[in-house]
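Take a look at the structure below.
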Amino acid sequence: MKFSLTVNGQSRSVDADPETPLLWILRDHLDLVGTKYGCGIGQCGACTVHIDGEAARACSLPLSTLGDKKVVTIEGLSTDASHPLQKSWCSLDVPQCGYCQAGQIMSAAALLAKNPHPTDTDIDESMAGNLCRCATYTRIRAGIHEAARLASDAKNSPKAQLQEAAK
Ligand code: FES
Ligand code: FES
């Protein structure tokens, strides 16, 4: 069955079973492999993307439920690695193996778009569903604080960049 999707601001069409999880549409049909498969049951956060600006687990979203909602993946976060989280992740060397990090960044981006200056508690609560086998949690928290600092001007804000990516 044919479906039209808006992914990273582009209209894409796919021919797939309506029950196919978005994760496999992204990875296998659209070659957007930055979004990772971890548990497949909505428990680890490796597959986190944004659906209409909200963090969501792509492994648990059937294609048929998306309609005209806007999907943004890690590839759509910025076109030139200029998102404050991408900058802070590099400057603080946040990842270890890296496997969970696209999902971590997408959850963090959704947090900063809503709450530009989160406290440690805000971060811990918001990021609790994103697991990291390498236990980079302390650096993730520092990376989010640093990104919040970098995003102090509106043009560079995560919210503005996400709005741009979702157009
Ligand atoms: S792969 Fe989707 S939450 Fe784990
Ligand atoms: S950096 Fe290895 S799983 Fe998170």
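Which whole-number value in Å² is the accessible area per residue of the stretch 2-76, probe 1.4 Å?
Each residue of the stretch 2-76 exposes 46 Å² on average to a 1.4 Å probe.
Using only Cα atoms and rounding to the nearest 10 degrees, what angle (0 to 90) does helix 101-114 make with the longest principal axis of the chain?
Its long axis makes an angle of about 70 degrees.
What number in nm² do you get for the stretch 2-76 if you take the convex hull of its Cα atoms and divide its surface by four?
So the mean shadow area of the Cα hull is 4.2 nm².
Hey, what's the stretch 84-157 come to in accessible area per residue, 1.4 Å probe, Å²?
50
Over all directions, what mean area does the Cα convex hull of the chain project, stated in square nanometres?
Reported value for the Cα convex hull: 8.7 nm².
How much mean residue ellipticity at 222 nm does the chain get from its helices, if each DSSP H run of length 4 or more adds -39500 (n - 2.57) and you divide by all residues, to the nearest 500 deg cm²/dmol?
Computed ellipticity for the chain at 222 nm equals -9500 deg cm²/dmol.
How big is D for the stretch 84-157, in µm² s⁻¹ as a whole number, if Stokes-Einstein is applied with the Kirkwood radius of its Cα pairs at 37 °C and 0.692 mPa s?
273
At 1.4 Å probe size, with no ligands or nucleic acids counted, give the accessible surface of Arg149 in Å², nearest ten.
Estimated to the nearest 10 Å², Arg149 gives 140 Å².
Quote the FRET efficiency, to the nearest 0.05, computed for Ser64 versus Cys90 with a Förster distance R0 of 35 Å and r equal to the Cβ-Cβ distance. Provide the component values of the computation, followed by the final result.
On the way: r = 38 Å, r/R0 = 1.08.
Calculated value: 0.40.
Leaving ligands, DNA and RNA out of it, report the carbon-plus-sulfur percent of the accessible area of the chain at a 1.4 Å probe.
Whole-percent figure for carbon plus sulfur exposure: 51.
Just want to confirm a number: the relative contact order over the chain, from Cα pairs under 8 angstrom separated by 6+ residues, in percent. List each step's numbers first, then the result.
Working: 300 pairs, mean separation 42.5, N = 167.
It rounds to 25 percent for the chain.
Explain nothing, just the number: dipole magnitude of the stretch 1-90 about its Cα centre with +1 on each Lys and Arg Cβ and -1 on each Asp and Glu Cβ, in debye rounded to the nearest 20.
180
The values are calculated or read from the model by the stated rules, or taken from the named source; none is laboratory data. Only a predicted model underlies this, so the values are computations on that prediction, with no experimental measurement involved. Quick reminder, even Gly has a Cβ in these numbers, built from the backbone with ideal geometry, and neighbours come from all protein chains shown. Quick note on the areas: whole protein, heavy atoms, side chains included, nothing else; ligands and nucleic acids left out. Shrake-Rupley method; radii C 1.70, N 1.55, O 1.52, S 1.80 Å.
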